[in-house]
Amino acid sequence: MAKVTEHLAKANEKPIFSIEIIPPAKGGKIDELLNDIEPMMELKPPFIDVTYQREEYVYKTMPDGTQKEIKKRKRAGTVGICSAIMHKFNVDPVPHILCGGFTKEDTEDLLIDLNFLGVENVVALRGDTAKPFNEFKAKKDGHSYASELIEQVADMNKGIYLHEESTYLSKSDFCIGAAAYPEKHYEAISLDIDFENLKKKVDAGADYLVTQMFFDNQKYFDFVKKCRENNIHIPIIPGLKILSTKRQSEILPKIFYLDLPETFANDVKKANDDKAARQIGIEWCINQCKELMAFGVPALHFYTMSKSTTTLAVAKEIF
């Protein structure tokens, strides 16, 4: 097993192919997820990102008329999935760890479990706002920002734990990934402020960056240029999503606060059905990948949502 940065350093003429999966819904079985992943193994991804689904809340009216807050967990955790990926495919899992829903002690316990398992990589994220709330709220004694979470992981790599009695534990050795937003994080008031937040994550110890999905490569090129001009020289992996339905052209910009190039959006809008829209999405992503490869990206990271069909259709054309 190896670190993401080590895999990137070994890449030669072509960038690495990597994927990001989402854990199965509550009640789902691990075999279903592994069966979805297996077709993509022919492309030999050296690592697979495993997302984490944070809690959601619902409110139930009690007999006395009061409202009780009930936490729901809709998807399986990542530790078991990481173990399954390692043992079935001999591929490095990259679990996502979040600020949201975790105390610092929760995070330390999770990191200890992952370190024990032999996982060498994590992606540290603030996480989304828990539904149905309108703004992010850290758990008591938790982290409010990804930079703080990254700092905790980096401290563990130095053998620094939360409590004095933990100082005799061995150092971890995690490679730390962080998120980047070529089109700005939706909560940042400006690109410059968002970039300042990015620098905090890099300064805290991030080893590489993975971008939010984008459909306009120029946004990525401009972002990388700005990073290099500001002394950020760690690898920046482009994150890619293959549009597969007409509706996605409407909802993805709203959910992820991104722009669709006008030509692309118009072509999808004119598509007769989802099958035609999917083919347009595949062809657009193939062209995106070819242009990104010519630019010299270290990897192409696909947000597959654990579905392999469209990802394979693109990857087979470029790898």
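None of the figures in this text is laboratory data; all of them are computed from the coordinates on show. Predicted model, so just to flag it, every value in this text is computed and none were measured. Don't worry about glycine lacking a Cβ; one is built from the backbone with ideal geometry, like all the others, and counts go over all protein chains shown.
With springs only between Cα atoms under 10 Å apart, run a GNM on the chain and tell me which of N121, N12, N197 wobbles the most.
Checking each option, the largest mean-square fluctuation is seen for N12.
Determine the percent antiparallel among the DSSP beta bridges restricted to the range 4-318, to the nearest 5.
20 percent
How high is the relative contact order of the chain, in percent, counting Cα pairs under 8 Å that sit 6 or more residues apart?
On the way: 554 pairs, mean separation 60.8, N = 319.
Relative contact order of the chain: 19 percent.
Stretched out fully, how many nm does the piece from D31 to D106 gain, at 0.36 nm a residue minus the Cα gap?
Length difference between fully extended and current span is 24.2 nm.
Using 7 Å Cα-to-Cβ label points, what is the E13/K137 separation (nm, one decimal)?
Label at E13, label at K137, 5.6 nm between them.
Given the pairs K139/K241; K14/K269; K60/K184; K29/K158; K14/K158; K158/K199, which span a C-alpha to C-alpha distance of over 27 angstrom in this model?
K139/K241; K14/K269; K60/K184; K29/K158; K14/K158
If I build a Gaussian network model for the chain, linking alpha-carbon pairs within less than 10 angstrom, which residue out of S83, S170, S147 has the largest mean-square fluctuation?
Highest fluctuation of the listed residues: S170.
Any aspartates and glutamates with Cα under 15 Å of the K26 Cα? List them, leaving off those in the same chain fewer than 8 positions away.
Reachable aspartates and glutamates: E55, E56.
Measuring from label point to label point, each 7 Å out along Cα→Cβ, what is the K254 to M1 span in nm?
4.1 nm
Quick one, could you list the DSSP H helices from the chain stretching 27 Å or more along their long axis (Cα atoms) with average Kyte-Doolittle hydropathy of 0.0 or above?
In the chain, no H run is both long and hydrophobic enough.
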